[in-house]
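Down below is the structure, laid out as structure tokens.
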């Protein structure tokens, strides 16, 4: 049986959590039983994911969006109490990695998203070590905005919201999973034809049009399903764990 403490220490080092200034604690957030045979992973530590973990007899839950965010109410009441109670009453651990999982060069959300879309990483931008957690590269061949939107939809299983602002033909593309729409100015400054992220704000529309860059809002959840699954599979192979990724549907 693998030891929880060993796995968490390995992940902390692998993802270089000390290099990040994050909005939540990375690593072990709730301690359960010390031994680990069965791991359930998912994007967010919602009640639905925790219930799925209990049903599967999991020893630990691995997520991208955990708990204890900066500025949140610290009281353990209501929804938070129910979630916490599910873990504690079943002796299940919660392990969470946020920005470090976005930025990892092989297992990270942006590395896996680029691979899924068929775009090799040529450079990095945004914030974070190694040049930033956002990435850019080139499509194998130029595409129209409509064709790229269709490609994203086919790979992610949902149609992105496209804001037209750039050239008729796109090849140099930037991307960052989740809520990175605020980095559209950096993407435009790099001379990219398009920028893909998860979410969109009101001002993103005007920025895309005025900066001359296409923007594709492909969904926060949809763009962040891949890093935590890759990390879970990696741990399963290294520590001989039974791992299952559970995708709790989220349209955002």
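Values quoted throughout were computed directly from the atomic coordinates according to the rules given, and no laboratory measurement underlies them. All of these numbers come straight from a predicted model, not from anything done at the bench. In this analysis, Cβ positions are derived from the backbone assuming ideal geometry, glycine residues included, and neighbour counts consider all displayed protein chains.
The equivalent ellipsoid that matches the C-alpha gyration tensor of segment 55-146 spans semi-axes of 36, 16, 12 angstrom, in descending order. Distance between the C-alpha centres of segment 134-158 and segment 211-239: 15 Å, rounded to the whole angstrom. For segment 186-237, the Kirkwood radius over C-alpha pairs fed into Stokes-Einstein at 4 °C and 1.567 mPa s yields D = 102 µm² per second. Report for the chain the percent antiparallel among DSSP-assigned beta bridges with both residues inside it, nearest 5. So the antiparallel bridges amount to about 50 percent of the total.
The angle between the Cα long axis of helix 145-156 and the main principal axis of the chain comes to about 10°, on a 0 to 90 degree scale. Cα centroid separation, segment 41-111 to segment 1-25: 14 Å.
Based on DSSP H segments of at least four residues, each scored -39500 (n - 2.57), the chain has a per-residue ellipticity at 222 nm of -10500 deg cm²/dmol. What do you get for the angle between helix 227-239 and the principal long axis of the chain? Use alpha-carbon atoms, 0 to 90 degrees, nearest ten. With both axes taken from Cα atoms, the answer is about 40 degrees.
Translational diffusion coefficient, Stokes-Einstein: compute it for segment 109-223 using the Kirkwood radius over C-alpha pairs as Rh, at 20 °C and 1.002 mPa s, and state it as an integer in µm² s⁻¹. It comes out at roughly 160 µm²/s. On the beta carbon distance between residue 168 and residue 244, with R0 = 41 Å, the FRET formula returns roughly 0.40. Against the main long axis of the alpha-carbon atoms of the chain, helix 202-211 sits at an angle near 40°.
FRET efficiency for the residue 158 to residue 3 pair, using the beta carbon distance and R₀ = 30 Å, is estimated at 0.20. By the Stokes-Einstein formula, at 0.890 mPa s and 25 °C, segment 1-51 with its Kirkwood radius over alpha-carbon pairs has D equal to 195 µm²/s. Extension gain for the segment residue 75 to residue 88, taken as residue separation times 0.36 nm less the Cα-Cα distance, is 3.1 nm to one decimal. Can you work out the base-10 log of I(q)/I(0) for the chain at q = 0.07, 0.16 1/Å, using the Debye formula on its C-alpha atoms alone? Computed log10 I(q)/I(0) values: -0.25, -1.11. What Kirkwood Rh does segment 1-103 have if only Cα atoms enter the pairwise 1/r average? Answer in Å. Evaluated on segment 1-103, it is 13.8 Å.
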